[in-house]
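Read the structure below first, then the notes.
Any read-out appearing in this document is the output of simple, stated calculations on the displayed coordinates, not a laboratory observation. None of these values were measured; they are calculated from a predicted model. Virtual Cβ from ideal backbone geometry, glycine too; neighbours counted across all protein chains shown.
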Amino acid sequence: MNGRVLLLPVGLKDGRPVLISEIPEAESGRNCGCVCPNCGGPLVAIQGPFQQPHFTHERVDCAYDARNATLVGLLEMAREILLLEKRIMLPGLEITDENEDEPPEEPGTMRGPVRRRRVAYPGIVSVTDAHFEREAGEPIPRLVVETGRGPVQVELLVRRQAAKSAQKASEYRGGGCAAIEIDLSRTTYPEILDRGSLRSLLVFNTVNKDWLHDDRRQEAERDLREAERSPSVDR
């Protein structure tokens with residue numbers, strides 16, 4: 001999310017995720033009845049005309065990590081929205097010749113044409129279930145969405161990192177289910193606090209989505225490499 005300070009926009013109330021913007025003013029402060037989605041500690045709803053509304057922990061000695069709490073809270077919100085919508089728009093998939101960024105072999109020569117192949121277009125698939133999986137030692141649970149094309153792991157990016165996709169994608173190339181990343185790092189805080197905007201970003205938008213792993217990419221990249229190695233035939 002945009003902003004230097006990562007505020008906590010989501011709490012859990014009666015086991016369900018709730019945005020701070022959905023808390024009535026009469027329930028501000030300790031009366032909100034919310035707990036942290038990450039550590040389970042009691043939250044205080046901070047609201048007012050001169051500050052951004054957000055949750056904070058009631059206990060100052062709570063083992064609290066702002067990024068983890070925000071990420072887990074937004075994953076809880078994503079799970080609820082996807083289960084209600086029963087659909088998600090998956091991004092398209094395109095591969096590019098791996099050599100396109102390499103310089104020409106001889107100075108003064110031009111690089112050959114960049115080879116691209118469209119593997120899949122963006123499309124809506126049905127959602128039948130969404131659940132969390134967490135292995136021992138993992139600070140953040142993994143959201144796995146059961147779709148019409150099989151299980152898809154959904155990751156959220158809330159803070160932009162230098163090595164975003166390349167490093168993350170390599171973690172998924174070893175196997176496992178398909179995985180997408182939904183980028184919320186450029187989303188403004190007011191957009192996060194609006195359930196309608198959040199619904200559009202999570203369900204329908206594809207500009208902010210990218211594949212971290214998809215077997216179709218590996219198969220298409222293998223076919224492209226084989227085509228490059230094959231001798232050309234003059235007609």
Rounded to whole Hz and in sequence order, give me ³J(HN,Hα) for the stretch 179-194 from the Karplus expression 6.51 cos²θ - 1.76 cosθ + 1.60, θ = phi - 60°, writing x for Gly and Pro.
9, 10, 10, 9, 8, 10, 5, 9, 7, 6, 4, x, 5, 5, 7, 9
Taking 0.36 nm per residue of separation between THR128 and SER185 and subtracting their Cα-Cα distance, the length gained on full extension comes to 17.8 nm
Listed by chain and number, the residues whose amide H is under 5 Å from that of LEU93, excluding neighbours fewer than 5 places away on the same chain and using placed H, are VAL119, ALA120, TYR121
Within the under-11-Å Cβ sphere about VAL18, not counting VAL18, Lys/Arg +1 and Asp/Glu -1 give a net charge of -2
